[in-house]
Amino acid sequence: MSLRLRLALFGAAVVALALVLFGLAVYGLVARSVETNQDKELSARAGAAVAELTSTPAPDLTPRPPVAPVDLRSSTEVFLEVLGPTGSLVYSTGILNGAPPAVSAQVLDDAARSGGAFITQGDAKAGTQLRLYAKPFVRGYVVTGQSTRVPQSNLSGIVGFLIISGVPTLLAALAASWLVAGRALRPLKEVATAADEIGRTRDFGRRLSGRRSRDEVALVAASFNRMLDELEDAYRGQGAALDAQRQFVADASHELRTPLTTIQGNAGLLAQGPQITEEVRRAAAADIAAESERMARLVDRMLTLARADSGLKLAMTPVDLRRLVGEVCRQAGAVHTDKTIQVKAAELTVAGDEDALRQLVWILLDNAVRHARSTIAVSLEMEGEWARLMVGDDGAGISPDDRERVFERFYKADAARVRAGTDREMQGAGLGLAIARWITDQHGGRIIAAGSPDGGAGIFVDLPLLRSS
């Protein structure tokens, strides 16, 4: 069953329920009104008869047979009876089953006590049920009555009217619900059609036409257009991510090819055996060891970036940044004895991953060592609510055009940035600063490349200070 048909039937059902409740209310009100009107009519007729009898000085109350009485089995007219003080019949204008209707002594007693009493007696199914009213006067009782078919006939007319008027109303409600449901669902059908076409053609630039109204359908159309915006951005982002992934693989393959080629060439040279001199053998072995170490560092950094891409989150604990920077600088000074590392660090504590921060400082120092002529400056100071770490060198520096791109993977600055005489091992693969940016981002910080106080390149890292509880 379609949604439109279900909505139409639901609307018709609501109207039908409303008609039933309305009909029951009208029927109840009319039934009470009809019964009340009949009682008023009987009471008025009895009062008029009593007034006429009491106004006559000596009314003739001799029992007599009725003259042209009405048959109450078929007539719905009001009849009247006059009874004596003991309830004996004096006169009647109606007969039922060949005799005037009898009135029970209980009704007469009630009428005498309260000045009038109503009673309904007889068989309604047989059509002989009567509504009677007894009113006393000084010489007896006056009884008026009428068949109960009168209010039942009126109520039957009301029921017929409600049914006759309710059927076309229900049909009209069904037709109106069908039309309204169709008009209301038309925009949803357009959305479904557009979704099918977009899914088939992958045209994420398509949009639904805007609606001036602010109804639910307009909200659906607006939400659908926003979803298309997000899908378009995601689709473009996915394409850009795939392009970046392909470029990453190509760059990684290129960087790995150089040490592998060197290792392969020197291994082939060593395989010649005694034909090569000892000096050549030692040089080949040294090249294999150096290139193997370089390739190991490259693979390790590639794995770090892969873990970053997979959503790796660092565990944060309080870290004494001054102690950490001092230890790394001391270790780097022991390794690179040809460079002077100047350290100026303040007592600062941050929330971070100590291993990751240690790797960050090592990366910055390695980058500075590759390009410094003789001196590397390291400073740690408080800048507002930040701990600012600066690692600078006295080399050629970074051009303004390259200061943002140096944080891209496998990006290398131009030849002027590389000090003359630097070997391939010292040149790096262009992954260190990309890892440094990821570590900084994980700590909620920021990293920029600028000039150093010594005239070379300076890498500035800001990390949020640990607030005291």
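The values are calculated or read from the model by the stated rules, or taken from the named source; none is laboratory data. Remember, it's a predicted structure, so these values are computed and weren't measured experimentally. Neighbour counts are summed over all protein chains in view; Cβ atoms, including those assigned to glycine, are modelled from backbone coordinates with ideal geometry. With ligands, DNA and RNA removed, areas are computed over all heavy atoms of the protein, side chains included. Shrake-Rupley method; radii C 1.70, N 1.55, O 1.52, S 1.80 Å.
Some points to look at:
- Residue in the range 141-162 that is at pLDDT 80 or above, out of contact with any Phe, Trp or Tyr (no Cβ under 9 Å at 6 or more places or on another chain), crowded, with 16+ Cβ neighbours inside 10 Å and in a helix (DSSP H, G or I) present: yes
- In the range 223-236, the residues that are loosely packed, with under 12 Cβ neighbours inside 10 Å form Cβ pairs under 9 Å with partners that are modelled with pLDDT under 75, at six or more places apart or across chains, as follows: Asp233/Phe204; Arg236/Phe204.
- Answer residue from the range 92-133, given it is closer than 18 Å to Pro63 by Cβ and of a type outside the set (A, V, I, L, M, F, W, C) and is most open to solvent (accessible area, probe 1.4 Å) among those: Gly98
- Tally, over the range 77-101, of residues that are closer than 17 Å to Ala48 by Cβ and part of a loop (DSSP other than H, G, I, E, B): 3
- Of the candidates Pro187, Pro136, the single residue that is at pLDDT 80 or above, out of contact with any strand residue (DSSP E or B) (no Cβ under 7 Å at 6 or more places or on another chain) and open to solvent by less than 60 Å² (accessible area, probe 1.4 Å) is Pro136.
- Tally of residues being among the aliphatic types (A, V, I, L, M) and farther than 17 Å from Asp39 by Cβ across the range 107-123: 2
- Test result for Thr193, modelled with pLDDT of 75 or more, part of a helix (DSSP H, G or I) and touching a helix residue (DSSP H, G or I) at 6+ places or on another chain (Cβ under 9 Å): no
- Leading residue by the ranking (nearest to Pro318 (Cα to Cα)) among those in the range 367-394 that are charged (D, E, K, R) and touching a helix residue (DSSP H, G or I) at 6+ places or on another chain (Cβ under 6 Å): Asp393
- Filtered residue count, the range 16-58, keeping only those that are open to solvent by 50 Å² or more (accessible area, probe 1.4 Å) and either under 15 Å from Pro151 (Cβ atoms) or outside any helix (DSSP H, G or I) (or both): 12
- Pair list, Cβ < 9 Å and 6+ apart or interchain, from the range 19-43 residues that are on the phi < 0 side of the Ramachandran plot to residues that are outside any helix (DSSP H, G or I) and open to solvent by 40 Å² or more (accessible area, probe 1.4 Å): Glu35/Arg131; Gln38/Arg131; Asp39/Phe118; Asp39/Arg131; Leu42/Phe118; Leu42/Arg131; Ser43/Phe118; Ser43/Lys135
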